[in-house]
Amino acid sequence: MASAPEPDPGPAPAPAPTALTVPSLSAGPDFVLRPWEMSDVPLVREASRDPYIPLVTTVPAPYSDAAAEAFVRRQWERAATGAGYPFAVVRSRDRRPVGAIGLWLRELPEGRASLGYWLVPSARGRGVARAALRTVSGWALRDLGIPRLQLYIEPWNTASARVAEGAGFRREGLLRGRQLIGGERRDMEVYALLNTDGPAGGRAATPD
């Protein structure tokens with residue numbers, strides 16, 4: 001399952017930055033990463049039916065249109081408050097959103113940021129998550145100058161581990177009982193990519 005838990009973005013780094021502008025990023029010829037739009041509510045509906053995504057993100061379950069609209073507004077608020085950069089993953093040929101990826105800056109004062117991503121089941125197994133992760137990672141290391149990027153993945157989630165490794169992340173170890181998921185504390189493997197590790201394969205930002 002190509003999903004990495006969404007870290008709690010927490011409050012904006014102190015001192016609080018100005019509002020962040022989420023760019024559009026090309027993730028290869030077939031996909032684009034862009035800011036969330038209210039038209040993405042159907043994506044939230046599909047994600048809410050997945051057994052895992054709502055456990056590790058704020059995707060609402062059970063679903064309602066009002067809850068989905070609130071979810072989209074939260075993505076806007078995260079950028080507006082400087083908490084991070086939330087992207088929708090969109091298929092270029094028909095502009096259909098198929099997932100999400102976020103870069104979260106809570107620990108930026110310590111020189112690191114965290115990422116989380118998910119795809120709806122219909123988009124998995126096609127290299128989409130890897131392309132999105134490579135794109136955001138390359139942009140974060142190169143354009144934002146962040147020294148260290150981190151991912152947290154449950155040990156059983158081999159699909160997500162392959163995504164991380166395919167994007168250049170290295171497994172650093174196991175953190176026992178790190179995250180509360182579904183009412184229980186679960187172990188997480190930490191993966192990291194440093195700006196000294198070489199190119200992450202990201203692509204440059206394109207205008208909205």
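The values are calculated or read from the model by the stated rules, or taken from the named source; none is laboratory data. Not measured: the values here are computed from a predicted model. Neighbour counts run over all protein chains shown; Cβ positions are idealised from the backbone, glycine included.
Table for the structure above
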item: Lone qualifier among LEU141, LEU133 - being crowded, with 18+ Cβ neighbours inside 10 Å, free of Cβ contacts under 8 Å to residues at least 60 places away in the same chain and not in a loop (DSSP other than H, G, I, E, B); result: LEU133
item: Flag for TRP118 being of a type outside the set (D, E, K, R) and either closer than 16 Å to ILE53 by Cα or surrounded by fewer than 20 Cβ atoms within 10 Å (Cβ to Cβ) (or both); result: yes
item: So ALA70, is it more than 24 Å from LEU133 (Cβ to Cβ), part of a helix (DSSP H, G or I) and of a type in the set (A, V, I, L, M); result: yes
item: Yes/no for LEU174 being assigned to a loop (DSSP other than H, G, I, E, B), surrounded by fewer than 21 Cβ atoms within 10 Å (Cβ to Cβ) and at negative phi; result: no
item: From ALA80, ALA164, residue being under 15 Å from the mean Cα position of the chain (by Cα), within 21 Å of LEU25 (Cα to Cα) and touching a residue at least 12 places away in the same chain (Cβ under 8 Å); result: ALA164
item: Test result for ASP50, surrounded by 16 or more Cβ atoms within 10 Å (Cβ to Cβ), outside any helix (DSSP H, G or I) and of a type in the set (Asp, Glu); result: yes
item: Hits in segment 190-208 (condition: at pLDDT 95 or above, in contact with a Phe, Trp or Tyr (Cβ under 7 Å, 6 or more places away or on another chain) and not hydroxyl-bearing (Ser, Thr, Tyr)); result: VAL190, ALA192, LEU193
item: Residue in segment 99-111 that is more than 14 Å from the chain's Cα centre (by Cα), closer than 23 Å to ARG45 by Cα, among the acidic types (Asp, Glu) and at pLDDT 95 or above present; result: no
item: Single residue of segment 53-67 satisfying the filter (hydrophobic (A, V, I, L, M, F, W, C) and not in a helix (DSSP H, G or I)) that is nearest to GLY116 (Cα to Cα); result: VAL59
item: LEU43 more than 13 Å from the chain's Cα centre (by Cα), under 25 Å from ALA161 (Cβ atoms), surrounded by 22 or more Cβ atoms within 10 Å (Cβ to Cβ) and at pLDDT 95 or above; result: yes
